[in-house]
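Undergrad: Before anything else, here's the structure in question.
The values are calculated or read from the model by the stated rules, or taken from the named source; none is laboratory data. In this text, all values refer to a predicted model and were calculated from it rather than measured experimentally. When we count neighbours, we look across all protein chains shown, and the Cβ atoms used for this are built from the backbone with ideal geometry, even at glycine.
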Amino acid sequence: MPQDIDPFEFFLDKPWSDGLPVVTPTEARVEWMLEAVRLAPEAVVGLIPPLLEPATVRTIAIHAVMAGCKPSYLPVVLGGLRLMLREEFNLNGVQGTMHGVAPLMIVSGPYAQQIGLHGGNGCFGPGFRANATIGRAIRLLLLNLGGGIPGVASATIFATPMRYTACLTENLADSPWESLAVSQGYAATDNVITCAMVESPRLCFDDVSQEPTRLLTGLASSMTDLCSWNMHTRSDMVVALGPQHATLCAQAGLSRAEVQRRLCQMAGRTVGDLKRGGNWRRERALAFPIPVDPDDDTCFIPAIKHPDDLQLIVAGGWGPCTAICHGWSGGSHAVHGTYEV
Amino acid sequence: MAETLGFIDPTAGGDVARIPLARRPMDLAGATVGLLDNTKEQGDVILHTLGSVLQERYGVARVVLQRKEHYSKPAAPALIEAMAQEVTVAIAAVGG
């Protein structure tokens, strides 16, 4: 390599990174990464929209190298991308949308623990290699093979910090309940990924409530912003109950399923309230998959139009806070499935 | 150049295809115009208005209005193919 070529600057000069330096992909590093899987490198996982470039096991490994992944992370990157390419996830739409949502990966099961995915304090922030690099590998793939680049195929107005990385696991050590994956019907020993297209988390502090009704009333209100697409379309939402809030509910006798049910029931606004501002349009309400009367100002519009749309997890450190990630309007539905390790 | 330096181009391997633009007719008299509604609100209003103006002022013989499944998803290939067989030119509208 010529001594006057700085590989970091070379890659940053190209439109191949997220603006941060990447680990330079060399044949040696890619071969090292591929040792983690028993798959043919040329096997096509799918075509990433809208450019529809093929994501092969090799090209995914290249991006995992660039992101800074360990080889043991590659199965999660592969599993996550496979899920995101499902038709119902509508990756094509989110690559081009004006909105700023990102595919959040919630990784469950023993392998997540084995590779050090973090779901405790600071889990949405920096400092945890598996969280940071798995999500980053996905984003680099969406940029380089999918073309979801602002000003090119992406019309995103703000994007979101979640487009640097969006990957975590639950804090089961401090959770009083079963995982999201178990609630979806998987065994606790299954390695599962759930992906949902969501905004950055809105942090909801409540250090006053001593019983669930008051706590969930506050959390439900944070699910119902006038400008949230959840109020004006069918959309997913991720609620990451902090373990302190989850424990408060559990100690009052509430199961995970009951908290899910109550949040779905409580989170909403009346038509009259929604008309005051935000994205209210009568024709949007008529397109809901649930019966509503857009001409009745007292009609209650729930934020969650179908119980499957609320991805309830327990994550974060100990403290009186819950994180809520609103969804998108583009017809994406959360997906989940097992992945091979 | 990346390869000559010992690096891997992460975008290498993709085919580059040039798709020429369809010929633009200079005269729409007697033409059939396709109007593709992307389903965003008021896109249909724009298209209906446009279709009427094209017929009244430019002699368009017929308009064919089609609607996508959802604004964030591509039009179904069958829809595009059917429209391509039927119309002279097509116009897509984004509502909002």
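Undergrad: For the range A:11-32, which positions are crowded, with 17+ Cβ neighbours inside 10 Å and assigned to a helix (DSSP H, G or I)?
TA: A:F11, A:R29, A:V30
Undergrad: Filter the range A:207-225 for residues that are assigned to a loop (DSSP other than H, G, I, E, B) and closer than 21 Å to A:P289 by Cβ and give the result.
TA: Keep residues of the range A:207-225 that are assigned to a loop (DSSP other than H, G, I, E, B), which gives A:207-211, A:222-225.
Listed by number, the residues that qualify are A:M223, A:T224, A:D225.
Undergrad: Could you say whether any residue in the range A:295-308 is polar (S, T, N, Q) and within 28 Å of A:I106 (Cβ to Cβ)? It would help to see each step written out before you state the result.
TA: Taking the range A:295-308 as the starting set, the residues that turn out to be polar (S, T, N, Q) are A:298.
Now narrow it down to the ones that are within 28 Å of A:I106 (Cβ to Cβ): none.
No, because not a single residue in the range A:295-308 is polar (S, T, N, Q) and within 28 Å of A:I106 (Cβ to Cβ).
Undergrad: Considering only residues that are of a type outside the set (F, W, Y) and farther than 24 Å from A:L83 by Cβ, which ones fall in the range A:26-49?
TA: Just the residues of the range A:26-49 that are of a type outside the set (F, W, Y), to begin with: A:26-31, A:33-49.
Selection gives A:T26, A:E27, A:A28, A:R29, A:E31.
Undergrad: Go through B:V45, B:V53, B:V87 for me and flag whichever is over 30 Å from A:V65 (Cβ atoms), more than 14 Å from chain A (Cβ to nearest Cβ), surrounded by 12 or more Cβ atoms within 10 Å (Cβ to Cβ) and β-branched (V, I, T).
TA: Details: B:V45 fails: more than 14 Å from chain A (Cβ to nearest Cβ); B:V53 fails: surrounded by 12 or more Cβ atoms within 10 Å (Cβ to Cβ).
Within the list B:V45, B:V53, B:V87, the selection yields B:V87.
Undergrad: Exactly one condition in (1) under 15 Å from the mean Cα position of the chain (by Cα); (2) modelled with pLDDT under 85 is false for B:H70; which is it?
TA: (2)
Undergrad: I'd like the full set of residues that are surrounded by 14 or more Cβ atoms within 10 Å (Cβ to Cβ) and either of a type in the set (D, E) or out of contact with any Lys or Arg (no Cβ under 6 Å at 6 or more places or on another chain) (or both), limited to the range B:71-84.
TA: Residues of the range B:71-84 that are surrounded by 14 or more Cβ atoms within 10 Å (Cβ to Cβ), as a first pass: B:71-75, B:79-80, B:82-83.
If the condition is that a residue be surrounded by 14 or more Cβ atoms within 10 Å (Cβ to Cβ) and either of a type in the set (D, E) or out of contact with any Lys or Arg (no Cβ under 6 Å at 6 or more places or on another chain) (or both), then B:S72, B:K73, B:P74, B:L79, B:I80, B:A82, B:M83 are the ones that fit.
Undergrad: I've got another one for you. Consider A:L286 carefully, then state whether it is out of contact with any Gly (no Cβ under 9 Å at 6 or more places or on another chain) and loosely packed, with under 15 Cβ neighbours inside 10 Å. Break it down into steps so the answer makes sense when it comes.
TA: Details: out of contact with any Gly (no Cβ under 9 Å at 6 or more places or on another chain): yes; loosely packed, with under 15 Cβ neighbours inside 10 Å: yes.
Yes; evaluated as a whole, the condition is true for this residue.
Undergrad: If you don't mind, there's one more thing I want to ask. Quickly run through the range A:314-331 and pick out the residues that are within 19 Å of A:S228 (Cβ to Cβ) and out of contact with any Phe, Trp or Tyr (no Cβ under 8 Å at 6 or more places or on another chain).
TA: A:T322, A:I324, A:C325, A:G331, listed by residue number.
Undergrad: From the list A:T322, A:T224, A:T233, A:T298, exactly one residue is among the hydroxyl-bearing types (S, T, Y) and surrounded by 23 or more Cβ atoms within 10 Å (Cβ to Cβ). Which is it? Walk me through how you get there before you give the answer.
TA: Values: A:T224 fails: surrounded by 23 or more Cβ atoms within 10 Å (Cβ to Cβ); A:T233 fails: surrounded by 23 or more Cβ atoms within 10 Å (Cβ to Cβ); A:T298 fails: surrounded by 23 or more Cβ atoms within 10 Å (Cβ to Cβ).
Of the residues listed, the single one that is among the hydroxyl-bearing types (S, T, Y) and surrounded by 23 or more Cβ atoms within 10 Å (Cβ to Cβ) is A:T322.
Undergrad: Further question on the same structure: Hey, could you check the range B:56-70 for residues that are within 10 Å of B:L36 (Cβ to Cβ) and either within 14 Å of chain A (Cβ to nearest Cβ) or of a type in the set (A, V, I, L, M, F, W, C) (or both) and say which is surrounded by the fewest Cβ atoms within 10 Å (Cβ to Cβ)?
TA: Taking the range B:56-70 as the starting set, the residues that turn out to be within 10 Å of B:L36 (Cβ to Cβ) are B:64-68.
Of the ones still in play, those that are also either within 14 Å of chain A (Cβ to nearest Cβ) or of a type in the set (A, V, I, L, M, F, W, C) (or both) are B:64-65, B:67-68.
Numbers: B:V64: 15, B:L65: 13, B:R67: 15, B:K68: 19.
The residue in question is B:L65.
Undergrad: Scan the range A:3-49 for residues that are touching a residue at least 60 places away in the same chain (Cβ under 8 Å) and at the interface with chain B (Cβ under 8 Å from one of its Cβ atoms) and report the count.
TA: Qualifying residue count, the range A:3-49: 1.
Undergrad: If you don't mind, there's one more thing I want to ask. Considering only residues that are within 20 Å of A:D297 (Cβ to Cβ) and among the hydrophobic types (A, V, I, L, M, F, W, C), which ones fall in the range A:221-270?
TA: A:L226, A:C227, A:M231, A:M266, A:A267
Undergrad: Answer with yes or no whether B:D37 is surrounded by 17 or more Cβ atoms within 10 Å (Cβ to Cβ), acidic (D, E) and either closer than 12 Å to B:T88 by Cβ or modelled with pLDDT of 90 or more (or both). Full working, then the answer.
TA: Details: surrounded by 17 or more Cβ atoms within 10 Å (Cβ to Cβ): yes; acidic (D, E): yes; either closer than 12 Å to B:T88 by Cβ or modelled with pLDDT of 90 or more (or both): yes.
The answer is yes for B:D37.
Undergrad: Which one of B:A17, B:A22 is out of contact with any His (no Cβ under 7 Å at 6 or more places or on another chain), within 14 Å of chain A (Cβ to nearest Cβ) and not in a strand (DSSP E or B)? Spell out the reasoning first.
TA: Details: B:A22 fails: within 14 Å of chain A (Cβ to nearest Cβ).
Criteria check complete, one pass: B:A17.
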